[in-house]
Amino acid sequence: MSQQFGNIGRYSSLPPVIKNLIIINVLVFLLQLGMERMNIDLSLILGLFTWDSPFFRPWQLVTHMFMHSTVNFTHILFNMFALWMIGTPVENVLGTKKFLILYFISGLGAALCQMVVSHFMLAEFMTIVHTYPEQYGQLLQQPYSPVNVPMVGASGAVYGALFAFGFMFPNAIVQIYFLFPMKAKYFVAILAVVGLVSGISNSPGDNVAHFAHLGGMLFAFFILAYWKSKGKLFLR
């Protein structure tokens with residue numbers, strides 16, 4: 001292990017990419033709160049809509065990663081805490097450039113997976129709208145209709161960093177709720193299974209983008225497996 005990680009250099013408790021990501025996410029969150037006081041919902045502009053929605057814009061593939069729910073403060077709190085706690089050792093090993101690549105590839109992969117799933121879940125709705133445009137066509141222009149619900153949050157990218165932690169440090173011990181020790185590889189596997197089951201069950205009232213989480217993990221695996229095959233996983 002010392003041979004693999006001998007190139008880390010000085011360990012940072014708050015490496016630069018994670019520090020700047022946290023700062024940007026907090027600033028955007030404060031901006032959201034300020035704009036809401038002016039009755040402007042930024043999620044309708046910067047949140048990610050499926051390509052079936054007239055509200056979809058290409059920049060949302062990136063901007064949605066810096067948006068969070070203003071209704072539930074734990075959304076941004078959990079994401080930023082997880083990014084710092086899990087992402088710190090990953091960035092310290094990979095370096096700033098590779099960690100940034102991992103983060104954004106995971107986030108974009110998460111967005112793509114969720115959009116594909118949403119497209120098929122909305123297929124019946126879109127068929128009805130296009131079949132009866134006079135009765136239902138106006139739904140395409142109404143915010144928060146079934147096709148116009150934006151996805152926000154850094155969770156997909158954070159889950160990519162989480163997968164990287166389990167991939168790179170499989171036998172590291174994670175304290176679940178600070179009480180129950182578990183190896184990282186099992187913790188990540190359990191999260192993936194829970195996410196898959198929750199996504200398939202599609203319980204009413206569940207507004208979590210489970211397939212985005214799985215997409216973040218999947219694309220993190222792709223890039224990490226590629227680096228490993230090239231012998232570059234632990235090289236900065």
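Values in this text are rule-based calculations from the coordinates and carry no lab data. Everything quoted here is computed from the prediction, not taken from an experiment. Neighbour counts run over all protein chains shown; Cβ positions are idealised from the backbone, glycine included.
Relative to the dominant Cα principal axis of the chain, helix 96-121 is inclined by about 30°. The ranking of Phe29, Phe165 by Cβ neighbour count inside 10 Å, starting from the fewest, reads Phe29, Phe165. By the count of other C-beta atoms within 10 Å, a proxy for reagent exposure, His119, His210, His64 are ordered fewest to most as His119, His210, His64.
Would you kindly state how much longer the chain becomes between Tyr226 and Leu30 on full extension, computed as 0.36 nm times their sequence separation minus their alpha carbon distance, in nm to one decimal? Spell out each step's value before the answer.
On the way: separation 196, 0.36 × 196 = 70.56 nm, distance 3.74 nm.
Extending this stretch completely gives an extra 66.8 nm.
Considering every alpha-carbon pair of the stretch 16-229, the percent of pairs per 5 Å bin, from zero through the bin containing the longest distance, is 1, 7, 14, 18, 19, 16, 11, 7, 4, 2, 1, 0. Helical content alone sets the calculated 222 nm signal of the chain at -19500 deg cm²/dmol, taking -39,500 (n - 2.57) per DSSP H segment of four or more residues and averaging over every residue. Using θ = phi - 60° in the Karplus curve 6.51 cos²θ - 1.76 cosθ + 1.60, the 3J(HN,Hα) couplings for the stretch 128-134 round to 5, 4, 6, 6, 10, x, 5 Hz; x is entered for Gly and Pro. Amide hydrogen proximity for Lys183: with H placed 1.01 Å from N in the peptide plane, the residues at 5 or more positions away or on another chain lying under 5 Å are Val174. Computed from the C-beta positions of Ser201 and Ile173, the FRET efficiency with R₀ = 25 Å rounds to 0.25.
In this rough spin-label picture, where each label sits 7 Å from Cα along the Cβ direction, the Met38-Gln141 distance is 2.5 nm. Applying both filters, DSSP loop and at most 12 other Cβ atoms within 10 Å, to the GluC sites (Glu not before Pro) of the stretch 34-130 eliminates every site.
Near Phe169: Cβ cut-off under 10 Å, other residues only, Lys/Arg at +1 and Asp/Glu at -1. The net charge is +2.
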